[in-house]
Structures are given as structure tokens and as C-alpha cells.
Amino acid sequence: QVQLVESGGGLVQAGGSLRLSCVASGTIFSINVMGWYRQAPGKKRELVARMTSLGRTNYADSVKGRFTIFRGNAKNTVYLQMNSLKPEDTAVYYCNAGVVVTPTTSEYDYWGHGTQVTVSS
């Protein structure tokens, strides 16, 4: 079994910064991609940023230039540095990982439980 645990959420004023962290643990052969999604009340869950094991990144247009995703030295960690936060960034942020648990199994998606980010105006 694989677990993803997020941390770093909280309340911040507009223009402020937060850094989210996510650590994957459990039976892991490889992690092909790690990323962050968010879901605001009444809205669908949406991609914020993702990074492949080769370092390729994708960002939502709404966060480009403000958010940066990066992996830690331990390849089971991913961070999201969020700068110039806006009230519209308020959401629950979820860590996601595409994990292969053994050399003979397929990649499977895992999710964390989420961490609340609230940006006040």
C-alpha cells in the first residue's frame, strides 16, 4: 500500500507565500509522476502542477509564474512553492503520484487526503 501525506497548508494574506510538501511512503518500486491538484468549494478538482521523474513540468495557466513544483533529493517527495497568492487560490490541495509498486505491475494513481489553503483578501 502507498500513502501520500501532505503538509504546509494554512491561512495567508493575499500576496503571501506558502510551501506545500508531500511525502510518499509504502511499497514503491518507482514514482513516474508527482503533482498537485486543488478543489475549491463547488468546483471540480483541477491540476495545479505536476512533474515527471525526468523533470518535465506542467502548470495550470492560472499559477504560471507564481507557483513552482520541485522534487526533493529523496525522490518520494514533492513540494509546491506558492508565491503571490490570491484569494482565488483558496482550495483544498491534494498530492497525487503515479506509482509502480513492483517491476511487473502497472502504474497506479494515489492521492493524499488534502491540505487546506486559504488566502484572505
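The values are calculated or read from the model by the stated rules, or taken from the named source; none is laboratory data. This structure is a prediction, so every number in the text was calculated from the model and none was measured. Cβ sites come from the backbone with ideal geometry, for glycine too, and all protein chains shown count toward neighbours. The protein model used for the area step is the full one, side chains on, heavy atoms only, and it has no ligands, DNA or RNA in it. Shrake-Rupley method; radii C 1.70, N 1.55, O 1.52, S 1.80 Å.
Brief remarks follow.
- Across the stretch 103-120, rounded Karplus estimates of 3J(HN,Hα) from the backbone phi angles (6.51 cos²θ - 1.76 cosθ + 1.60, θ = phi - 60°) give x, 10, 10, 7, 5, 9, 7, 10, 10, x, 7, x, 9, 7, 10, 10, 10, 8 Hz, Gly and Pro being marked x.
- Beta bridges per DSSP with both ends in the chain, % antiparallel, nearest 5: 90 percent
- Å² per residue, accessible surface of the chain at 1.4 Å: 54 Å²
- Proximal charge balance of Ser30 [Cβ under 15 Å; K/R count +1, D/E count -1]: 0
- Percent accessible area from carbon and sulfur atoms, the stretch 59-121, protein chains only, probe 1.4 Å: 50 percent
- Pairs of lysines in the chain whose Cα atoms sit within less than 23 Å of one another amount to 5, provided the residues are eight or more positions apart or on different chains.
- Peptides 91-101, 1-11 ranked from most to least packed give 91-101, 1-11, packing being the mean of other C-beta atoms within 10 angstrom over each peptide's residues.
- Charge sum, other residues only, whose C-beta stays under 14 Å from Gly55's C-beta, Lys/Arg counted +1 and Asp/Glu -1: +4
- Taking Cβ atoms as reference points and 12 Å as the exclusive limit, the residues near Leu20 contribute a net charge of 0, counting Lys and Arg as +1 and Asp and Glu as -1.
- 5 angstrom amide H check on Gly114, placed H, neighbours 5+ away: Glu6, Cys95
- Vicinal HN-Hα couplings computed from phi for the stretch 51-61 (Karplus, 6.51 cos²θ - 1.76 cosθ + 1.60; Hz; Gly/Pro x): 9, 7, 5, 8, x, 6, 10, 9, 10, 5, 4
- Between Gly72, Gly16, Gly42, the GNM of the chain built on Cα springs shorter than 10 angstrom shows Gly42 fluctuating the most.
- Only Lys, Arg, Asp and Glu carry charge here, each on its Cβ (+1 for the first two, -1 for the last two); on that basis the chain has a dipole of about 200 debye about its Cα centre.
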